[in-house]
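The values are calculated or read from the model by the stated rules, or taken from the named source; none is laboratory data. From a predicted model like this one, the values you see are computed outputs, not experimental measurements. Glycine also receives a Cβ, built like all others from the backbone with ideal geometry; neighbour counts cover every protein chain displayed.
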Amino acid sequence: MKSLKNSFQNILYYPSAIVGIFVVFLLVFTAIYAMVKIPYNEAIRLWRGGEEVWYQNPKFAPPAWINFLSSKKYAESFAVRTSDGTMTKEVTLGAEGTSTMEASYTFDFASDYYPQEMILYLSSTYTEKQPFISAEWLTPDGRKIRIVNLALSQKQTYRFSQDQKLKTKLRTDDVIPALFSDPETGNLIRGKYQLLITGAAFEPDSDINVEFVFHGQVYGLAGTDHARRDLVVPLLWGAPVALAFGLIASLGTSVLTMVIAAVGTWYGGWVDELIQRITEINLVLPFLSILILIGTFYSRSIWVILGATILLSIFTGAIKAYRSIFVQVKESMYIEAARAYGASGSRIVFLYLIPRMIPLLIPGLVSSVPAFVFLEASLAVLGLGDPVLPTWGKIIENANSNGALYRGYYYWILEPAILLMITGLGFAMLGFALDRIFNPKLRDV
Amino acid sequence: MAVVTQSPTENTVAKRTSHTNTFTRVSRYVVVRLMVLFATVVVGVYLTIMIANMGGFVDQIMKGEIRERVTQTIAANPSMRQADPAVRKKLIEDTIVKEEQRLGLDIPIAIRNFRYLSNALTLNLGRAMNMTSDSGSKQVRLILLERLPATLLLMGISQLFLFFSSIFLALNLSRRYGNFWDRLVVTLSPTSAVPPWFYGIFLILIFAALLKVLPFGGMVDSPPPSNPFDYSMNLLKHLTLPALSLVLSSFFLSIYNYRTFFLIYSSEDYVEMAKAKGLPSRDVERRYILRPTLPNIITNFALLIISLWTGATITETVFIWPGLGRTLYQAIGLYDIPIIVGSTIIYAYLLAMTVFLLDFIYALVDPRVKVGGR
């Protein structure tokens, strides 16, 4: 145990090990943060949610930080509403239960491109008389454009670009660029724009709420995908899923392999024979094909795939490697001493044989994590990812099947790919360093 | 493994007995080994068949699909519009029965499994259920043969390049370990934790999407160039990225492994001795380092050759390369058990054959090893 502790202290002499440990800690931290910030059920709801959850976001929007990398500035998407005060709303009461309201939102537009779309989501409460609103658009050069006059129903959506009347009024087919440019020259105007909505309600309890959604070219920290989903959710949640899959699979595989090899070597006879035969049969089985078969026919749940992965990975060449070492250890003096004092078979296997192998087990365990993390991603890329859970592999698969590389949505593939890469390299670097620490024979060369 | 020792006094006697002994030992070994390997193949393939139809679950899916398809085609047939509903219903049922008979779904799954097994073991690969080859055949043999060249080309070029270049570079590095290149390889060896398709995505991004110099995927342009020279250049262009990603993903680890392996052998006393004798380093490498590592290198090479058969499923899928790996993936998606079983049995036979032959090859290259010896 003392030597084990010393070995761990040696880690600090290996820069790659420090980088690896740093990455692993970062991942664990991200995983915990993700699970605390977005609870499991919420994450599933967001990830599986369609238009009703994500209507505020534009499709295929790169992350907002690409503005730092590009000389041309893109418009950032936002959504404001009167219900939570992000959009100002003033109500003035009039005679006989009538009231007027005024909602406005002023924003600074400094982009080099026109936004994709602007939408008003209007909702109102009334019993008989429909409230009435009118929307106006104030440009930085002081023009005031009347957008629309509407009698409101309970719930209503108004899309700027789809309004025929507005099109005729502005004498254009593209409403949005017309609203953001000089009518004479057609040049884009930057500056403060204001959306002003005035409404009139004719009943005492009647109320009007407005939500203004602005679809720019870029969105948030990570951008959005084809279903308008904010990629922050799957990117964050990919961390706990990848960690859980990688760690459970590698831990399960290495520990079970070692235990089975130890039991086989110790008891010998038919047990050993059986283990060897199973290993040989398993080598004949096509590993990836069987996982694809299980994924296609039986269940795409990540836990079923995990179980199958562990089962198929136990009886591999590793069991033969462990066996050859156990055969040597079995003959050593301390095992003979244990036998002499009458230790039981299970005692010898679990307390004397297996602990001897821990220096071999730990580097192997850490080094095999990336393989399993990437296995999950590989299955997802083949379309066999977990249908419920958001994972990095699923993002890549979505991006690939929507032609992200052809259509230039590089962020969509690069974000999960870089995270996967960092995870894989982190564990691999740590594993390599541990291997050299625990097996000093390799350290010399 | 055993060391052959013979004392010179009993040379003549020992020679004759050892000769007959060798013959009986080798033949007994061959028989036992072949039987064990064959049993392994049988069990392995049977398990694959069991998994490939999920204990009959796939039958349900297929029956449902047949019913739907037959009903649709007959409903869409204009000449059937006027027919009596009862007649139409009978026609549908009859067609379904015929279709199920064609696919063998009327026979119980347990019997069918053994039929698949015996057909597979005799390499009677039969006909595919849903897939067809590009030439229109449903023969599993033809479908697989049609895709074989694509996989052999991709895997062959990348794996052979990887094998020879990493041995060559590893020998060079082991000669002067600790220098800049050696440390670079050691530092970069964790990059092999990343699978080839993943490098593929990055390569597509750089060379196809951004620089637009190489194609996104596929094997040749459509329509393919008629001139053989243009055709091969076009093929090469399409081959570059998938081959590069396959090489890239194992390059550094492969060099690292061989290098460490060679280093262990080059620290042996007899290597020091040879160097002290003043042998040129080429001879030292060839006779004293490569020779004892030969069994290992041969094993790796043999495994490489079999890996050519399986192809690289995901890399081929990402690059839309029409190879065996992608075919297998498509076959699974179409519930095409004969193709899955056909691919597995050939792999199993190849593996068993290789394992069997390797024992003899070890005995050939390493005089200390006896076939069947203990």
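Being surrounded by 15 or more Cβ atoms within 10 Å (Cβ to Cβ) and in a helix (DSSP H, G or I) is the requirement here; does A:Val24 meet it? In short, yes.
Rundown of residues vs (1) within 14 Å of another protein chain (Cβ to nearest Cβ); (2) surrounded by fewer than 17 Cβ atoms within 10 Å (Cβ to Cβ); (3) out of contact with any Leu (no Cβ under 9 Å at 6 or more places or on another chain); (4) not in a helix (DSSP H, G or I), yes/no style:
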| site | (1), (2), (3), (4) |
| --- | --- |
| B:Leu205 | yes, no, no, no |
| B:Ala208 | yes, no, no, no |
| B:Asp221 | no, yes, yes, yes |
| B:Ser226 | no, yes, yes, yes |
| B:Asp230 | no, yes, yes, no |
| B:Asn234 | no, no, yes, no |
| B:Leu239 | no, no, no, no |
| B:Ser245 | yes, no, no, no |
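Of the residues making up region B:323-334, those that are more than 10 Å from chain A (Cβ to nearest Cβ) and not in a helix (DSSP H, G or I) number 1.
Scanning region B:179-203 for residues that are more than 8 Å from chain A (Cβ to nearest Cβ), within 26 Å of the chain's Cα centre (by Cα) and either surrounded by fewer than 20 Cβ atoms within 10 Å (Cβ to Cβ) or among the hydrophobic types (A, V, I, L, M, F, W, C) (or both) returns a single hit, B:Leu203. Among residues of region B:80-91 that are at negative phi and surrounded by 10 or more Cβ atoms within 10 Å (Cβ to Cβ), those with a beta-carbon under 9 Å from a residue that is assigned to a helix (DSSP H, G or I) and not hydrophobic (A, V, I, L, M, F, W, C) at least six positions away or on a different chain give the pairs B:Met80/B:Arg88. Only one entry of A:Lys129, A:Lys169 meets the criterion of being surrounded by 12 or more Cβ atoms within 10 Å (Cβ to Cβ), among the basic types (Lys, Arg) and outside any loop (DSSP other than H, G, I, E, B), and that entry is A:Lys169. Within the option set B:Ile320, B:Ile340, B:Ile345, B:Ile314, being closer than 21 Å to B:Ser137 by Cβ, within 12 Å of chain A (Cβ to nearest Cβ), more than 13 Å from the chain's Cα centre (by Cα) and in contact (Cβ under 8 Å) with a residue 12 or more places away in the chain holds for one residue only, B:Ile340. Identify the residue in region B:160-178 that is in contact with a helix residue (DSSP H, G or I) (Cβ under 8 Å, 6 or more places away or on another chain) and either modelled with pLDDT under 85 or of a type in the set (D, E, K, R) (or both) and, among all such residues, is surrounded by the fewest Cβ atoms within 10 Å (Cβ to Cβ). The qualifying residue surrounded by the fewest Cβ atoms within 10 Å (Cβ to Cβ) is B:Arg176. Using the structure shown, decide if B:Met233 is of a type in the set (A, V, I, L, M) and touching a residue at least 40 places away in the same chain (Cβ under 8 Å). So B:Met233 fails the test. The lone criterion from (1) under 17 Å from the mean Cα position of the chain (by Cα); (2) at pLDDT below 90 left unmet by A:Val373 is number (2).
Here region B:247-269 is the region considered, the condition is being more than 26 Å from the chain's Cα centre (by Cα) and assigned to a helix (DSSP H, G or I), and the residue that is nearest to B:Ala312 (Cα to Cα) is B:Thr260.
Pairs meeting the criteria (first residue in region B:267-290 and more than 14 Å from every other protein chain (Cβ to nearest Cβ) and under 13 Å from B:Ser174 (Cβ atoms), second residue surrounded by 13 or more Cβ atoms within 10 Å (Cβ to Cβ) and acidic (Asp, Glu), beta carbons under 9 Å, at least 6 apart or on different chains) are B:Tyr288/B:Glu268. The criterion of at least 2 residues that are more than 10 Å from chain B (Cβ to nearest Cβ), within 23 Å of A:Pro240 (Cα to Cα) and in contact (Cβ under 8 Å) with a residue 24 or more places away in the chain is met by the following helices (runs of 4 or more DSSP H) wholly inside region A:259-377: A:302-314. When region B:315-346 is examined, which residues are found to be in contact with a helix residue (DSSP H, G or I) (Cβ under 6 Å, 6 or more places away or on another chain), modelled with pLDDT of 85 or more and surrounded by fewer than 24 Cβ atoms within 10 Å (Cβ to Cβ)? Listed by number, the residues that qualify are B:Thr317, B:Pro322, B:Arg326. Kindly provide the set of residues from region B:45-95 that are outside any helix (DSSP H, G or I) and more than 30 Å from A:Pro286 (Cβ to Cβ), ordered by number. B:Asn77, B:Arg81, B:Gln82, B:Ala83, B:Asp84 - these are the residues of region B:45-95 that are outside any helix (DSSP H, G or I) and more than 30 Å from A:Pro286 (Cβ to Cβ).
Considering region A:379-434, the residues that are within 8 Å of chain B (Cβ to nearest Cβ) and not in a helix (DSSP H, G or I) include one that is surrounded by the most Cβ atoms within 10 Å (Cβ to Cβ), namely A:Leu382.
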